[in-house]
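Values quoted throughout were computed directly from the atomic coordinates according to the rules given, and no laboratory measurement underlies them. These figures come from a predicted structure and were not determined experimentally. All Cβ positions, even for glycine, are placed from backbone atoms using ideal geometry, and neighbour counts span all protein chains on display.
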Amino acid sequence: MMDWRWDFTFDVVLPRLWEAAGITVYATVVSFAFALVGGLILMLLKMSAFKPISFVASEVIEFIRGTPLLVQIFFLFFVLPQVGITLPPLTTGIMAIAIYNSALTAEVYRAGLQAVPRGQWEAAVALNLSPYRTFRKIIIPQSLPPIVPALGNYLIAIFKETPLLSFVAVGEIMHASKLIGSEYYRFNEAVTIAGIFFLVMSLVSAALVRAAENYVKRSILH
Amino acid sequence: MTFRLAAIAALIAFLFGLTVATFSELRVFLPALLRGATVTIEISIMSALLFWAMSFIAGIGRLNPIAPIRWASTVYIEVFRGTSLLVILFWFFFVLPSFGVVLTPTQAAVLGLGLNFGAYGAEVVRGAVTAVPSGQKEASAALNIPDWKCMLRIVIPQAIPVAIPGLSNLTIEMIKATALVSAVTLVDITFASVQQNQIHYRTLDIFLVALIIYYCFSQLIRFGGAILEARTTRHLARGQ
C-alpha cells in the first residue's frame, strides 16, 4: 500500500533537501532581522505626534496585515522589474516577507511600550533623567518581557512562511521537494521529509523561544 | 469602527469608480478575478466551518480528564502548528493518494486549511475554557450536574465570548491563507491574477485589484467579529 523507498530517500532526497535547508534558514534569519528594524520604524511612525503621519502609518500597517503574503510576494516579484528594479527572486522574497512581518512586529513593539505604566514615564521626568537614560534604563527593560516571546513566535511564523517563496522559484526546501517530485515523479519521500523538517525545527525553536523568555524574565525583572 | 466602515465603503466606491473610469481596461481581467473570488469564498466558508469545529473539539479535548484523548489532541495540535501550511496542502494532495486516499483539489484545500487553523484555534479555545472561573465548575458539581452537561451548558457558553476575538483574527488569517490553494491546482483570486498577468501583462492593475479584494474580505470578517463580540458580551458589566 505505502509506496516509500528508503534508498531514494537517502540517495536523492536528503542531500538535496539539506542543501535547500540552508536557503530556508538564510531567508528566515535575514527577513526576521529586517522585520525587526522595519517594525521599529513603522511603530515610531505610527506613534508620531504628527497626526497625518500616524494615520497613514496605521492604515499602511492595516493594509499589509489585511492582505495575503503570497499576493504581496507576487506583487513585488512582478511589479518591481516593470519599474526598472531587477532583483534576484530570493532578495525579492526576503523583502516581501520582511515588509509583511514589519507590520506585525510594529504592533508587538507598540503593545510592549504601552504595557509600561504611565507612572514610570512621569517618575523619570520627575527625577530629571535624560531621554536616553529613560529609555535605556527604565522603559526598554520593562517592555522587553512581553515583546521577546511575541517576537520569537514571529520568528517561527516567518520560518513557516518561507515555503511561499517556492512560488517564485527560490530554491528553498519546498521548491527542492517540488523539483524532486517532478523530476522523478515521486512526491512521497520529498514532501514528507520537508514536513518532518519543519515540524522538528518548529518544535526546537519553540523550546528555544521559551528558554529566551525565561532568561529575559529572570535577568531583567529580578 | 464607524471610520473603518466608511473606509471600506470608500474602497468599494473607489473600485467601482475605477471600473467605470477604465472600464475597457478592467473588463479584460476583472471577470477572471471575480470568478477566482467565488472559489476563494467557497473554500473559505467550508474550511472556516471545519476550522471552528476542530478548534472546539481539540481545544476541549486537550482538557479532557481521559489521558488518551488529551494526548491525541496534543499530538494533533503540535503536528499541525509545527508544519507549514503549504507543505500540508502538498502532502494531502500528492502524498495521500499513495496511501490510498484520493482527494479532490477542493477537499485537499479544505482539509488542509481547516485542520491547520483548527490547531491554532484549539489553543484559543483552550485558553478561553480555562479562563472560566473554576467556581462555576465547582458549583455545578455541587448541584450534581453531570460533567458533559456542565461543559456544554455552563462552561462553553461563558468561554465563547472570550474566544471570539482570537477566533475572528484566525479567520482573517485563514482567508489570507486561502491564497495558497493554487498549490493544489485550484484557480482562486491569486492564481487567477497570475494567469491574467501572463496573458495581459497589466501587472500593477491586476495585483492591486487582487490585494484590494482580499483587504475587503478581511475587513468584513473584522467587522463581523466585532459585531459578534458586542452581541455576546452585551449582558456583561462594563468595567469603568
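Using only C-alpha atoms and all pairs of different ones, pull out the Kirkwood radius for region B:176-240 in Å with one decimal. All intermediate terms of the calculation are to be shown ahead of the outcome.
Working: mean 1/r = 0.0698 Å⁻¹.
About 14.3 Å, per the Kirkwood formula over Cα pairs.
Is it possible to state the helix-based mean residue ellipticity at 222 nm for the protein assembly as shown, with each DSSP H run of 4+ residues giving -39500 (n - 2.57), the sum divided by total residues, to the nearest 500 deg cm²/dmol? What is it? Walk me through the intermediate numbers first.
On the way: 18 runs with 345 residues, N = 462.
Result for the protein assembly as shown, helices only: -25500 deg cm²/dmol.
Can you compute the radius of gyration and Dmax for region A:1-143, using only the Cα atoms, both in Å?
Looking at region A:1-143, its Cα Rg and Dmax stand at 21.7, 75 Å.
Which value, in Å to one decimal place, does the Kirkwood hydrodynamic radius take for chain B when every pair of different Cα atoms is included? Don't skip to the end; give the middle numbers.
Values: mean 1/r = 0.0496 Å⁻¹.
One over the average 1/r among Cα pairs gives 20.2 Å for chain B.
Starting from 0 in steps of 10 Å, tell me what percent of the Cα-Cα pairs of region B:26-89 lands in each bin.
19, 32, 25, 15, 8, 3
Test of the criteria: in region B:189-227, which chymotrypsin sites (Phe, Trp or Tyr not before Pro) are in a DSSP loop and have at most 11 other Cβ atoms within 10 angstrom of their Cβ?
On the way: sites: B:191, B:201, B:207, B:214, B:215, B:217, B:223; in loops: B:201.
For chymotrypsin sites (Phe, Trp or Tyr not before Pro) across region B:189-227 that sit outside H, G, I, E and B with at most 11 neighbouring Cβ atoms in 10 Å, the list reads B:201.
Restricted to Cα positions, what overall size does the protein assembly as shown have along the principal axes? Three whole-Å values, descending.
Cα spread of the protein assembly as shown along its principal axes, largest to smallest: 63, 58, 46 Å.
Count of lysine pairs in the protein assembly as shown with Cα atoms under 23 Å apart, counting only pairs 8 or more residues apart in sequence or on different chains? Could you put the intermediate results ahead of the total?
Values: A:137/A:217; A:160/A:178; A:160/B:176; A:178/B:176; B:137/B:149.
Taking the protein assembly as shown as the scope, the lysine pair count is 5.
Wrap a convex hull around the Cα atoms of region A:1-69, take a quarter of its surface area, and give that in square nanometres. Show your work: numbers first, answer last.
On the way: hull surface 29.5 nm².
Quarter of the Cα hull surface area: 7.4 nm².
What percentages make up the Cα-Cα pair-distance distribution of region B:109-175 when the bins are 5 Å wide from 0?
4, 17, 23, 18, 14, 12, 7, 4, 2, 0
How large is the charge dipole for chain A, taken about the Cα centre, if only the Cβ atoms of Lys, Arg (+1) and Asp, Glu (-1) carry charge, to the nearest 20 debye? It would help to have the intermediate numbers written out before the result.
Values: 16 positive and 13 negative charges, 207 e Å.
That gives a dipole near 1000 debye.
Semi-axes of region A:90-131's equivalent ellipsoid from the Cα gyration tensor, sqrt of 5 times each eigenvalue, largest first, rounded to whole Å?
Working: eigenvalues 254, 27, 3 Å².
They are 36, 12, 4 Å, listed largest first.
Please give, to one decimal in nm, the separation of the simple spin-label points placed at residue A:123 and residue B:216, each 7 Å out from Cα toward the Cβ.
About 5.2 nm, to one decimal.
Per the Cauchy relation, a quarter of the hull surface: what is the mean projected area of the convex hull of the alpha carbons in region B:71-113, in nm²?
Values: hull surface 12.6 nm².
Seen from a random direction, the Cα hull of region B:71-113 projects 3.2 nm² on average.
Find which of A:138, A:174, A:113 sits farthest along the positive direction of the dipole of chain A, computed with +1 on the beta-carbon of Lys and Arg, -1 on that of Asp and Glu, about the Cα centre.
About the Cα centre, the residue reaching furthest to the positive side is A:138.
Taking region B:1-125, how much of its Cα-Cα pair set, in percent, is spaced more than 18 angstrom apart? Write down the numbers at each step before the final one.
Values: 5181 of 7750 pairs.
Summing the P(r) of region B:1-125 above 18 Å gives 67 percent of all pairs.
Can you give the Rg to Rh ratio of region B:135-207, both from alpha-carbon atoms, with Rh computed by the Kirkwood formula?
On the way: Rg = 23.2 Å, Rh = 16.3 Å.
Across region B:135-207, the Cα-based Rg/Rh ratio is 1.43.
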